[in-house]
Amino acid sequence: MTHRKKMRGFTLIETMVSLVIVSLAMMAINSQMSHFFINSAYLEQKVLASWIASNTMAELSSSNTWPAIGSSSNEIEFSNRVWFTEIEVLSSPVNQLRRVNVSIFEEENRERPIHILTALIEPPIPIGIAEYNWLSNYCIAGAGPGCASR
């Protein structure tokens, strides 16, 4: 009489099913990680483009000359990348303001802007004229230099 030892362990089918489950989980994790990296790169691109647009707008608004009506373009190297800026200056219904649109493109794709910034710019203050002090006559809750005259 032969006694068979009871074998312990997994059968081939159990092993194959567990491998299928693990591989499906790994595929889902891989898919989510790739989406994460794609979104991170896109977010970095948007943030850098918004910085470039803000810097360009700050340069235009702080310049000693009022930007001429028309369009211009420029290439900028920022963060070890080449960016393409398109500046469009338009007249506005208010005579002392100009509408400025700054569009930022990546060097490879100049058809669709990554970021667009629009602002109104006033003309620079002429030399010799002091800036108006907007806080010299304020009155808030009964306090301030402008409250005495009311």
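On the given criteria, is LEU60 closer than 16 Å to LEU97 by Cα, assigned to a helix (DSSP H, G or I) and among the aliphatic types (A, V, I, L, M)?
Here the answer is yes, as LEU60 does meet what is asked.
Select from segment 40-99 the residues that are of a type in the set (Phe, Trp, Tyr) and over 18 Å from the mean Cα position of the chain (by Cα) and list them in ascending order. Show your work before the answer.
Of the residues in segment 40-99, the ones of a type in the set (Phe, Trp, Tyr) are 42, 51, 66, 78, 83-84.
Within segment 40-99, TRP66 is the sole residue that qualifies.
Take SER103 and tell me if it is among the polar types (S, T, N, Q), farther than 18 Å from SER50 by Cβ and out of contact with any Ser or Thr (no Cβ under 6 Å at 6 or more places or on another chain). Let's see the steps before the verdict.
Working: among the polar types (S, T, N, Q): yes; farther than 18 Å from SER50 by Cβ: no; out of contact with any Ser or Thr (no Cβ under 6 Å at 6 or more places or on another chain): yes.
So SER103 fails the test.
Which residues, taken from segment 45-82, are among the aromatic types (Phe, Trp, Tyr) and at pLDDT below 95?
TRP66, PHE78
Results for (1) surrounded by 10 or more Cβ atoms within 10 Å (Cβ to Cβ); (2) among the charged types (D, E, K, R); (3) assigned to a helix (DSSP H, G or I), shown as yes or no for each residue.
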site: ASN39; (1), (2), (3): yes, no, yes
site: ALA49; (1), (2), (3): yes, no, yes
site: ASN64; (1), (2), (3): no, no, no
site: PRO67; (1), (2), (3): yes, no, no
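Within segment 109-131, can one find any residue that is of a type outside the set (A, V, I, L, M, F, W, C) and part of a strand (DSSP E or B)?
Yes - at least one qualifying residue is present in segment 109-131.
Kindly establish whether ALA53 is surrounded by 11 or more Cβ atoms within 10 Å (Cβ to Cβ) and not acidic (Asp, Glu).
Criteria met by ALA53.
What do you reckon, is SER34 surrounded by 10 or more Cβ atoms within 10 Å (Cβ to Cβ), part of a helix (DSSP H, G or I) and of a type in the set (Gly, Ala, Ser)?
Against the criterion (surrounded by 10 or more Cβ atoms within 10 Å (Cβ to Cβ), part of a helix (DSSP H, G or I) and of a type in the set (Gly, Ala, Ser)), SER34 qualifies.
Within segment 79-89, does at least one residue satisfy the condition of being in contact with a Phe, Trp or Tyr (Cβ under 9 Å, 6 or more places away or on another chain), free of Cβ contacts under 8 Å to residues at least 40 places away in the same chain, surrounded by 10 or more Cβ atoms within 10 Å (Cβ to Cβ) and in a loop (DSSP other than H, G, I, E, B)?
Yes - at least one qualifying residue is present in segment 79-89.
The values are calculated or read from the model by the stated rules, or taken from the named source; none is laboratory data. Bear in mind the structure is a predicted one, so any value in this text is a computation, not a measurement. Glycine gets a Cβ as well: all are built from the backbone with ideal geometry, and neighbour counts include every protein chain shown.
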